[in-house]
1. Taking amide H positions as placed in the peptide plane 1.01 Å from N, state which residues far from GLY141 in sequence (5 or more) or on other chains have amide H under 5 Å from it.
2. Say R0 is 25 Å: what FRET efficiency, to the nearest 0.05, do ALA173 and LYS40 get from their beta-carbon distance?
3. If we sort 189-195, 25-31, 79-85 on the protection proxy, mean other Cβ atoms within 10 Å, highest first, what's the order?
4. Tell me, what is the 1.4 Å probe accessible area of MET21, in Å² to the nearest 10?
5. Any idea what the dipole of the chain comes to, in debye rounded to 20, about its Cα centre with Lys/Arg Cβ at +1 and Asp/Glu Cβ at -1?
6. Over region 32-77, calculate the relative contact order: mean separation of alpha carbon pairs under 8 Å at least 6 apart, over the residue count, as a percent.
7. Probe 1.4 Å, all protein chains in place: accessible area of VAL227 in Å², nearest 10?
8. If you split all Cα-Cα distances of the chain into 10 Å bins from zero, what percentages do you get per bin, shortest first?
Amino acid sequence: MFSALLAIVAGAASAVGYQSMAPTGQWYGRTFTGLGRGSKQIALTYDDGPNDPHTLRLLEVLALHDVRATFFMIGRYVQQRPDIAREVARAGHVIGNHTFNHPLLIFESAARTRAELVDCRTALTDAVGEHSNLFRPPFGGRRPATLRIARELGLETIMWNVTGYDWNAPPAAQVEKKVIKQVHGGDVILLHDGGHRAMGADRGQTVLATANLIRRYKDQGFQFVTVTEMMGAVGDKTSAVR
């Protein structure tokens, strides 16, 4: 009996831990993870920039294919390279909050969490002026207090449902293979134009993978949109139902 109880407790603890990191988990509050299967929209998102030189190279690829994406930027990097952040904004991409220092927020106090979000917002405002109210928690880590603080600050928490597993800079073909296995339409794809440990992370393979993925899915009739545009599509559907 006691061992069975321990097993139940352990299972519950495991589930709670999983939900704090699972991209599509909704136990701790509503987050946006895409439109669901069947849509012909895809949102490319990039974390951990701005990053010299790969964010600028990525902008060239996106411009070549006339695609707008969503960039979740780290505040301290924005302070280091506000010029790159401005180039992203100037090109028409959406910029979101990825905290100032990229901590795992499930281990941070409410005060620290709030400071991370506010400081990043300040850095973004100083660099590019008005920007989106989108927020992505580093590593996807969040708990109820994290989402509550984000809401209090007027932020929408954005997760993902497809990832290229590109943070360790694998070959482009491997990134593409991971993404292709998961895409069903209406997807928010997680990729990285920077690295949270230091400026200058090598994201050349992600840039190459991006070009190939855009060609592949445009040929299949998909439309690439920003997260803001995709969320607008959800609102349009809701209005139609009403």
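1. When sequence neighbours closer than 5 places are left aside, the close amide H contacts are LEU105.
2. Working: r = 25 Å, r/R0 = 0.99.
Here the calculated transfer efficiency is 0.50.
3. On the way: 189-195: 25.7, 25-31: 15.1, 79-85: 18.7.
Those peptides, ordered most packed to least, come out 189-195, 79-85, 25-31.
4. Near enough 70 Å² of accessible area.
5. Details: 27 positive and 22 negative charges, 127 e Å.
Dipole magnitude for the chain comes out near 600 debye.
6. Values: 30 pairs, mean separation 23.2, N = 46.
Averaging sequence separation for qualifying contacts and normalising by length gives 50 percent for region 32-77.
7. My reading of the accessible area for VAL227 is about 0 Å².
8. Once binned at 10 Å, the Cα pair distances of the chain give 8, 32, 36, 18, 5, 1, 0.
The values are calculated or read from the model by the stated rules, or taken from the named source; none is laboratory data. What you see is a predicted model; the values in this text were computed from it and never measured. Quick reminder, even Gly has a Cβ in these numbers, built from the backbone with ideal geometry, and neighbours come from all protein chains shown. SASA here: full protein model, heavy atoms, side chains in, ligands and nucleic acids out. Shrake-Rupley method; radii C 1.70, N 1.55, O 1.52, S 1.80 Å.
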